[in-house]
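These notes are about the structure you will find just below.
The values are calculated or read from the model by the stated rules, or taken from the named source; none is laboratory data. Just so it is clear, the structure is predicted and the values come from calculations on it, not from any experiment. Every residue, glycine among them, receives a Cβ derived from its backbone with ideal geometry; neighbour counts consider all protein chains shown. With ligands, DNA and RNA removed, areas are computed over all heavy atoms of the protein, side chains included. Shrake-Rupley method; radii C 1.70, N 1.55, O 1.52, S 1.80 Å.
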Amino acid sequence: MSVEFVTRPDFTRADAGIVKASTWDVGTPERQHQAVEAVQEAWNSREWPRPGPLSYTVHAGEDGKTLLHYSQWADEESYHAFFRSGRDERNADIDAAVPGIERLTLNTYELYRSSAGVDPYAPEPGCVVIVDVEFEGADGARQRDWVDRVFEALGTDPMPAPGGIAGHFHVSTDGTRVLNYAEWVSAQAHIDALAASGNGVGSRTPQWERVQAYPGVTGGGVHRYTPALSLRPAVRAR
């Protein structure tokens, strides 16, 4: 199968059992651009692997040095089969083009809830905000309860922040993290939303306060990215 370029991952696909999210540090904005080009060449110059990811997306960090990699997979077995047979050759090409990449993190998630369904009229995101939440100890029920409280807060917010498109909430398979892949029309819209309340992107409501004071949260962070590259296997016409 050949490669198809798309604008964003398809979060509604039912065959995506897991998601792999990883971060690379490439050092400078110039190397960010070079690394994205190298990733594109490494994948576009080969047939799409089978087994392989259902989609592969890369975003450039606002910090000018990091890249976020987000890939959808049918299951863990598919990922490990690709790891054994197709990953190294692609990474070798990328490392030859951009030496010295530091691969920082790799976590495995399942998509739990999304705040928007299929909307053909929704704008394409100009910014992706990754909200990472870490919990003390493994507890899958706690992960989902925290996300459910966020949805309650969103649903009862009297003044939702303008510019937000959707939030795609993922729970880590080890029970310790939540990742919100939040799509915004622009980075400035997210900056303005944070400044408007001084309390995150939500209004000052009891529901948001319960989210922010949730027991067992030990850390996390918020990082903005610019969409750079999104790929999936091309579907051949019959």
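Please say if the stretch 164-224 is rounded, prolate or oblate, where rounded means a/c under 1.5 for a ≥ b ≥ c the square roots of the C-alpha gyration tensor eigenvalues, and otherwise the choice is prolate for a/b larger than b/c and oblate otherwise? Could the numbers behind the result be given before it?
Details: a/c = 2.17, a/b = 1.25, b/c = 1.73.
Oblate is the answer for the stretch 164-224, as a/c is 1.5 or above yet b/c matches or exceeds a/b.
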Check your understanding: What are the residues whose amide H is under 5 Å from the amide H of TYR214, where those residues sit 5 or more places off or on another chain and H is modelled from the backbone?
Key -> none
Point to revise | Estimated vicinal HN-Hα couplings, Hz - the stretch 6-16 in sequence order (Karplus 6.51, -1.76, 1.60; Gly, Pro = x) | key: 10, 8, 6, x, 8, 6, 8, 5, 7, 8, 8
Practice item. Taking the chain as the reference, fit the longest principal axis to its C-alpha atoms, fit the long axis of helix 187-197 to the helix C-alpha atoms, and give the angle between the two in degrees, 0 to 90, nearest 10. Key: 20 degrees
Study note, to complete from the structure: Checking TYR112, TYR70, TYR121 against a Gaussian network model of the chain (alpha-carbon springs below 10 Å), the top fluctuating residue turns out to be TYR121
Revision key, fill the gap. Rounded to the nearest 10, the angle in degrees between the Cα long axis of helix 29-44 and the longest principal axis of the Cα atoms of the chain comes to 60 degrees
Exercise for review: Count charges around THR7 for me, please; just the other residues with Cβ under 12 Å from its Cβ, Lys/Arg as +1, Asp/Glu as -1.
Suggested key: -2
Study note, to complete from the structure: Residue by residue through the stretch 99-107, the couplings from Karplus 6.51 cos²θ - 1.76 cosθ + 1.60 with θ = phi - 60°, in Hz, x for Gly and Pro, are x, x, 5, 9, 8, 8, 9, 8, 10
Study note, to complete from the structure: Spelling it out for ALA116: with amide H atoms placed in the peptide plane at 1.01 Å from N, the residues 5 or more places away or on another chain with amide H under 5 Å from its amide H are GLY167
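What number, in percent, do you get for the relative contact order of the stretch 1-73 if the mean sequence gap of Cα pairs under 8 Å and at least 6 apart is divided by its residue count?
Numbers: 98 pairs, mean separation 34.4, N = 73.
In percent, rounded to a whole number, it is 47.
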Exercise for review: Return the long-range amide H neighbours of SER186 (sequence gap of 5 or more, or a different chain), with a cut-off of under 5 Å between placed amide H atoms.
Suggested key: GLY126, CYS127
Study note, to complete from the structure: Whole-Hz Karplus couplings 3J(HN,Hα) for the stretch 200-215, θ = phi - 60° and coefficients 6.51, -1.76, 1.60, Gly and Pro as x, run x, 8, x, 6, 7, 10, x, 5, 5, 4, 5, 5, 5, 9, 4, x
Study note, to complete from the structure: Given 52-58, 34-40, the highest-first ranking by average Cβ count within 10 Å works out to 52-58, 34-40
**Study point:** Shape of the chain, Cα gyration tensor, a/c cut at 1.5
**Key:** prolate
Revision key, fill the gap. In a Gaussian network model of the chain with springs linking alpha carbons closer than 10 Å, the residue among ARG144, ARG204, ARG113 that fluctuates most is ARG204
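On the accessible surface of the chain, probed at 1.4 Å, how many percent belong to carbon and sulfur atoms?
On the way: 6050 of 11950 Å².
The C+S portion of the solvent-accessible surface of the chain is 51 percent.
Keeping every protein chain present and rolling a 1.4 Å probe, give me the accessible area per residue for the stretch 73-227 in Å².
Numbers: 8000 Å² over 155 residues.
Dividing the accessible area of the stretch 73-227 by its residue count gives 52 Å².
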**Study point:** Cα long-axis angle, helix 87-97 against the chain (0 to 90 degrees, to the nearest 10)
**Key:** 90 degrees
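As a test of reading the structure, rank LYS20, LYS65 by solvent-accessible area (1.4 Å probe, protein chains only), most first.
Working: LYS20 15, LYS65 85 Å².
Descending accessible area places them as LYS65, LYS20.
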Study note, to complete from the structure: Under the helix-only model (-39500 (n - 2.57) for each DSSP H run of 4 or more, divided by the residues of the chain), the mean residue ellipticity at 222 nm, to 500 deg cm²/dmol, is -9500 deg cm²/dmol
Study note, to complete from the structure: Candidates PHE83, PHE169, PHE135; GNM for the chain (alpha-carbon contacts under 10 Å) flags as most fluctuating PHE83
